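The values are calculated or read from the model by the stated rules, or taken from the named source; none is laboratory data. Owing to the predicted nature of the structure, the values given are computational and were not obtained by experimental measurement. Reconstructed Cβ throughout: ideal geometry from the backbone, glycine too, with neighbour counts over all protein chains shown.
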Amino acid sequence: MKQGSVSLKAHGIFDFSAYSDEQVYDEGLRIYKEDYLESGRRSGDITSHDGLSVRFFEDRYHHAFNTSKDRKRSEFSKNKVDRKRVERIDWIKIIIEGRGLKTECWEVPLRVPEEGSRPFPGKRAYVSWAQGYIIWLEPLRSGGFKFSTAYCVSRQQLSHYLKNAKKIWSNT
């Protein structure tokens, strides 16, 4: 267990129950910029549990913290803020840095043929089985990774995502 480890359950989540969806989106964006982007810039970096750079981009916020209003009809539309994602925005840094108790990092093979020919590793998935939470990172050509998204997910879906993956680290 890493020194300074944090229980995600004890750390808790933001309470946005009194906020409108628009306020949740705006407050989440403010927190994202403050915690993950360099002041006055459109990107920022944190360091992963194993010392690699993880880059966050301002334009990734919309993708990472929104979902579809109607997943059956338009599964990939990102037209509604996902409150659960924004409530857990603090967990991202804690988990990637390796400080989240009972969290793991997995290397997930790239799935489409054009990804398979790239000379860099697969995606990374940081997971908390206990909290039903996953963070996706995509490899960068220059090394390191970029933040893609993070969201709550069932244990069954986590198992499906990690079916062909290799666990590379855990903080248990």
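Brief remarks on what is shown
- Long-range neighbours under 7 Å by Cβ, at least six apart or interchain, first residue assigned to a loop (DSSP other than H, G, I, E, B) within segment 37-64, second of a type in the set (G, A, S): L37/S43; L37/G44; E38/G44; H49/G98; L52/G144; E58/S43
- Test result for F14, modelled with pLDDT of 95 or more, crowded, with 18+ Cβ neighbours inside 10 Å and among the hydrophobic types (A, V, I, L, M, F, W, C): no
- Meets criteria (under 20 Å from I134 (Cβ atoms), of a type outside the set (D, E), at pLDDT below 95 and surrounded by 17 or more Cβ atoms within 10 Å (Cβ to Cβ)) for V108: yes
Let's see how each residue does on (1) surrounded by 15 or more Cβ atoms within 10 Å (Cβ to Cβ); (2) farther than 23 Å from G12 by Cβ; (3) at pLDDT below 95:
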| position | (1), (2), (3) |
| --- | --- |
| G116 | no, yes, yes |
| Y133 | yes, no, no |
| F147 | yes, no, no |
| C152 | yes, no, no |
| K167 | no, yes, no |
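- Selection of first residues in segment 73-87 that are farther than 10 Å from V24 by Cα and of second residues that are surrounded by fewer than 13 Cβ atoms within 10 Å (Cβ to Cβ) and modelled with pLDDT under 70, restricted to Cβ pairs under 7 Å at least 6 apart or on distinct chains, gives the following pairs, ordered by first then second residue: N79/K69; K80/K69.
- Hits in segment 121-130 (condition: surrounded by fewer than 19 Cβ atoms within 10 Å (Cβ to Cβ) and either among the acidic types (D, E) or within 18 Å of G100 (Cβ to Cβ) (or both)): W129, A130
- The requirement of being aliphatic (A, V, I, L, M) and touching a helix residue (DSSP H, G or I) at 6+ places or on another chain (Cβ under 6 Å) is fulfilled somewhere in segment 142-157, by at least one residue.
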